[in-house]
Amino acid sequence: MNENEPQYLWWQEGIIYQVYPRSYQDSNNDGVGDIQGIIHRLDYLQWLGVTIIWLSPVYPSPMKDFGYDISGYTDIHPLFGTLADFDTLVTELHTREMKLVIDLVPNHTSDEHPWFTESRSSRDDPRRDWYIWRDAGPNGEPPNNWLSVFGGSAWEWDENTQQYYYHAFLTAQPDLNFRNPDVVEAMKDIMRFWLDRGVDGFRVDVMWHMIKDELLRDNPPNPAYQEHMVTYDSLLPVFSTDQPEVHSIVHEMRKVLDAYNERMMIGEIYLPLDKLVTYYGIDNRGAHLPFNFLLLHVQWDALSIAALVAAYEAALPPGAWPNWVLGNHDQSRIRSRVGSEQARIAAMLLLTLRGTPTIYYGDELGMRDVSIPLEEIQDPQGLNMPEKDVSRDPARTPMQWDTSEHSGFTTATPWLRTDRAYMRDNVATQLEDEDSILRLYNRLATLRQNEPALKTGSYKSVAVNRNGLAYIREANGTRFLIALNFSHRPCRLQLHGQLEGEIILATAPGLEGTAIDNTLYLGGDDGIIVRLAN
């Protein structure tokens, strides 16, 4: 390699795959997935072509929010296994030259965490200021109008100490006070505990929530609020999230990572683009990858997506590395958002854009949101607001492995029901079908990992109209043209310049091996990758 060529790190070159541990593989037949189950499926993940596993929480927890309410930061919940199991997972991944990123949940703990037990024991306890406590208003009302993401006031009255505590999520998830330097140091020690065990990085939960307005000013009303929206959206979280001081906390966390060799940090941040990119930090000393969720909510058409990609590329700070996300445990699955045919286009888009892609488990099978009867809902967001139909359970159902009962996830009753379509949409069946979406994901990932132009090369849009988008990825003189039809109708794209080549990968069978020139004719839902002639 030329010594003047940029050197890329594993998190820039890799493909992230989110494992939601409750739903991936049950190894002990209790109906809930676990770490040994994940280890059992590592060969599959290696075959698929992913290189980085992002593991959702496996810490001790009362499971009020399924692991995002942590009662112990430096251990493993028995439901998922042991620390020894975790260490085996790290070793097995590293043996396969894969990496492990784990969830870090710094914003809040469980109300059963020893820190909070001490904090609420008395107003004089040394850990009182580790959480956000405030006196009631003149008439006993909460300190301000802030709302919980899961419904209702974000303030909970504590009868024993006669004060309110703040919780951005469940009452059982009190927020830590990151204005207290002792809290910051405690969280840094937790990071070191896991880094010393060999984890390669962290996905930091609700990073933009970590600091609140010091004056606790009321949030203003949201003029765009409509009745069908969750109550949290009735106010704009101007003072309860995204405070300027959060960046100094992120920088402190980054310094912990920088003391180790090639470790990284992802930030969960649901903010507009101009605010999102500030989380890269000054001189890119913040989060390595502030998660880019733009594809989760964009209108699914060529013009909107082309504009989104252009805006994101333009907003990136110098030297910042992009990333793209199609789905996660909090959002409707991509197939349920755009349909079966367009889910294949989404896969090609995700794995050919510039930047690190993140795949949500099961999306490689075209898994869909599963209808969960009201009496089976597990998710607190759905339980607290049943009239809003906002449960996240439909996107968290068990991974579909084969045609056996419960699709090979468990022999017990699974914690959430399996999709009735599992007889078709499962790993074993799709492995036998060369034209399946699973095979498409595998081929896309393999091509990406073998071609520097697709892995780390430049991005240039070359054509867009109301139906289609075409762009070129290039590195070291090798160029690929990607053309995607975001509609069900035929699409013609007129390219500029002398572009000739051969289709090497397509979402639909029969197109590969076809030569193309400056005018592309795509059928409905067609996506192609063309190796361009030099």
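A few comments on the model shown:
- In the condition set (1) surrounded by fewer than 17 Cβ atoms within 10 Å (Cβ to Cβ); (2) on the phi < 0 side of the Ramachandran plot, PRO322 is compliant with all but (1).
- Residue ID - least open to solvent (accessible area, probe 1.4 Å), chosen from residues in the stretch 501-534 that are more than 20 Å from ALA453 (Cβ to Cβ) and part of a strand (DSSP E or B): LEU522
- Criterion: under 25 Å from the mean Cα position of the chain (by Cα), of a type outside the set (Asp, Glu) and open to solvent by 60 Å² or more (accessible area, probe 1.4 Å) - qualifying residue of ARG217, ARG192: ARG192
- When we screen GLU341, GLU364 for residues that are touching a residue at least 24 places away in the same chain (Cβ under 8 Å) and crowded, with 22+ Cβ neighbours inside 10 Å, the only hit is GLU364.
- Here is the figure for the stretch 344-353: residues that are open to solvent by 20 Å² or more (accessible area, probe 1.4 Å) and within 18 Å of the chain's Cα centre (by Cα) total 0.
- Screening VAL58 on (1) touching a helix residue (DSSP H, G or I) at 6+ places or on another chain (Cβ under 6 Å); (2) of a type outside the set (Asp, Glu); (3) exposed (fewer than 15 other Cβ atoms within 10 Å of the Cβ) shows it passes everything except condition (3).
- Every test in (1) more than 29 Å from ASN467 (Cβ to Cβ); (2) out of contact with any Lys or Arg (no Cβ under 9 Å at 6 or more places or on another chain); (3) touching a residue at least 12 places away in the same chain (Cβ under 8 Å); (4) not hydrophobic (A, V, I, L, M, F, W, C) is passed by ASP233 save one, and that test is (3).
- Among (1) of a type in the set (Phe, Trp, Tyr); (2) under 17 Å from the mean Cα position of the chain (by Cα); (3) more than 27 Å from PRO21 (Cβ to Cβ) - the single one TRP324 does not satisfy: (3)
- Filter pass, GLU262 being at positive phi and of a type in the set (D, E, K, R): yes
- Test: LEU170 is of a type outside the set (Phe, Trp, Tyr) and within 30 Å of ILE39 (Cα to Cα): no
- Exclusive hit being buried (at least 22 other Cβ atoms within 10 Å of the Cβ) and part of a helix (DSSP H, G or I), set VAL199, VAL256, VAL277, VAL250: VAL250
- Among the residues of the stretch 390-425, the ones that are in contact (Cβ under 8 Å) with a residue 40 or more places away in the chain, open to solvent by less than 50 Å² (accessible area, probe 1.4 Å) and under 14 Å from VAL370 (Cβ atoms) come to 15 in all.
- Close Cβ contacts (under 9 Å, 6 or more residues apart or on different chains) running from residues in the stretch 487-500 that are open to solvent by less than 100 Å² (accessible area, probe 1.4 Å) to residues that are basic (Lys, Arg) comprise SER487/ARG466; CYS491/ARG466; LEU499/ARG479.
- Considering the stretch 64-168, the qualifying strands (runs of 3 or more DSSP E), each wholly inside and each with 2 or more residues that are surrounded by 14 or more Cβ atoms within 10 Å (Cβ to Cβ) and free of Cβ contacts under 8 Å to residues at least 24 places away in the same chain, run over 155-158.
- Close pairs (6 angstrom Cβ cut-off, 6 or more residues apart or separate chains): of a type in the set (Asp, Glu) in the stretch 254-272, crowded, with 18+ Cβ neighbours inside 10 Å anywhere: GLU268/ASP205; GLU268/VAL206; GLU268/MET207; GLU268/PHE291
- Selection within the stretch 508-534 - among the acidic types (Asp, Glu) and closer than 20 Å to LEU353 by Cα: ASP525, ASP526
The values are calculated or read from the model by the stated rules, or taken from the named source; none is laboratory data. Here the structure is a predicted model, which is why all the values come from computation and not from measurement. Using ideal geometry, Cβ is built from the backbone for each residue, glycine included, and neighbour counts are taken over all protein chains shown. Calculation scope for accessible area: heavy atoms of the full protein, side chains included, ligands and nucleic acids excluded. Shrake-Rupley method; radii C 1.70, N 1.55, O 1.52, S 1.80 Å.
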